[in-house]
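Just so it is clear, none of the values below were taken in a lab; they were calculated from the coordinates. Computed from a predicted structure; not experimentally measured. Glycine also receives a Cβ, built like all others from the backbone with ideal geometry; neighbour counts cover every protein chain displayed.
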Amino acid sequence: MIPVRPKKHLGQHFLHDQNIARKIAGSLSGASNNVLEIGPGTGILTRFLLENETLNFKAIEIDTESVSFLHDHFPMLHDRLFHADFLKSNLNDFFSEPFAIIGNFPYNISSQILFKVLDYRNLIPEVVGMVQKEVAERIAAPPGSKTYGILSVLLQAWYDIEYLFTVNENVFTPPPKVKSAVIRLRRNQKQALDCNESLFTAVVKTAFNQRRKTLRNALSSIIKDKDTSLLPFMGERAERLSVEDFVNLTSSLE
C-alpha cells in the first residue's frame, strides 16, 4: 500500500528502495551544510538527510497530500517544509547563504529545475539529482557526442558534472518506463564567461535547435550581415564545439 497516491500530472514515481535513498543522500560532497530537497514525496530520502545532524535541512513540496503525510511522519520538518512550487519560488527565500540541492526530480520538469539552478548558480554550489537516464547522459556528454546539447553546454559552463550511478525501474512506485540515473553538479571556479553571457545562451540554443546544419546556416538569424569568413567554427556543427569554443564564437560575434 502506497502511503501517498502518485499523481501522473506531477510526474511522481516514489522511490521505495532504502539502500538507493541512502546512497543518494550520501552523494552530497559537503559543498554546503545548507541543503534543500526538492519534492520529498513520501520522505524516503528525507529520512536519511534528517539523520545527518550536520545539515541545515529544508524541503519544498508542491503536492498537498505529500505535505500532510510528511508533517504526520516527520515532526522534525514542521518549520522546514515549504508547501510551494519550486519552479515559481524565489530561491533566496530558503537560505540567506549558499545551499546545495538534492532530490528525486520529476521527469517532466527535471530540465526546468536545472535551468532554474543556472539562474541561481552563485547561490547553489552543488546539486545531487535523480533524473531520467537519458537526461543524465545528455548533461554529462562530452563534445562530439550525439547526446551533447543545450543542457550539456549551459550546465558545463558553470558546473563540473559527474554521472554517479544508474537506477532500475523496479525500485519505484509506480515503475517508470525508463531507467533513471543520479548525477552530481559541483560549481566550478568561473565567476563570469569571457563573452556576453545572454548572447552566449542565445548562440548555444540557436545552434542546437538546428544541430544538423553547419553553424553558418544554423546561426543565420544571429549572424545576419556579418562576414562569416571572420568567424570561427562556421563550417562545424554545434555538437563539435566545446564550452570554450562557444565562448570564443560568442566573443567573435560581439
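Please work out the C-alpha center-to-center distance from segment 66-82 to segment 175-196 and express it in whole Å.
Rounded to whole Å, the Cα centres lie 29 Å apart.
When the Cα centres of segment 206-240 and segment 1-40 are compared, how far apart do they sit, in Å?
Cα centres, segment 206-240 to segment 1-40: 41 Å.
Could you rank the peptides 51-63, 5-17 by their average count of other C-beta atoms within 10 Å per residue, with the highest value first?
Output ranking for 51-63, 5-17: 51-63, 5-17.
Kindly give Rg over Rh for segment 39-141, based on alpha-carbon atoms, with the Kirkwood expression for the hydrodynamic radius.
0.95
In a Gaussian network model over the chain where Cα atoms closer than 10 Å are linked, find which of GLY39, GLY144, GLY129 has the largest mean-square fluctuation.
GLY144
Starting from the Kirkwood Rh over alpha-carbon pairs, what translational D in µm² s⁻¹ does segment 138-229 have by Stokes-Einstein at 37 °C and 0.692 mPa s?
After rounding, the answer is 209 µm²/s.
State, as an integer percentage, the relative contact order of segment 197-253 based on alpha-carbon contacts under 8 Å between residues 6 or more apart.
It comes to 40 percent, rounded to a whole number.
Place a +1 charge on the Cβ of each Lys and Arg in the chain and a -1 charge on the Cβ of each Asp and Glu, then give the dipole magnitude about the Cα centre in debye, rounded to the nearest 20.
880
In segment 115-171, what trypsin sites (Lys or Arg not before Pro) fall in a loop by DSSP, with at most 11 other Cβ atoms inside 10 Å?
The qualifying sites are LYS146.
Determine, for ARG240, ARG187, ARG212, the number of other Cβ atoms within 10 Å of each Cβ, and report the residues in order from fewest to most.
Listed from fewest to most nearby Cβ atoms, that is ARG212, ARG240, ARG187.
What number, in percent, do you get for the relative contact order of segment 8-187 if the mean sequence gap of Cα pairs under 8 Å and at least 6 apart is divided by its residue count?
23
Quick one: of the DSSP bridges fully inside the chain, what percent are antiparallel, nearest 5?
55
As a test of the definition: which semi-axes, in Å, follow for segment 8-187 when you take the square root of five times each eigenvalue of its alpha carbon gyration tensor? Largest first, please.
Semi-axis lengths for segment 8-187 are 24, 19, 15 Å.
Taking +1 at the Cβ of each Lys and Arg and -1 at the Cβ of each Asp and Glu, which of LEU219, PRO175, LEU10 sits farthest along the dipole of the chain towards its positive end, judged by Cα position relative to the Cα centre?
Positive-most Cα among the choices belongs to LEU219.
For segment 197-253, what size does the Cα cloud have along each of its three principal axes, sorted from largest down, in whole Å?
Extents along the principal axes, in whole Å: 24, 23, 16.
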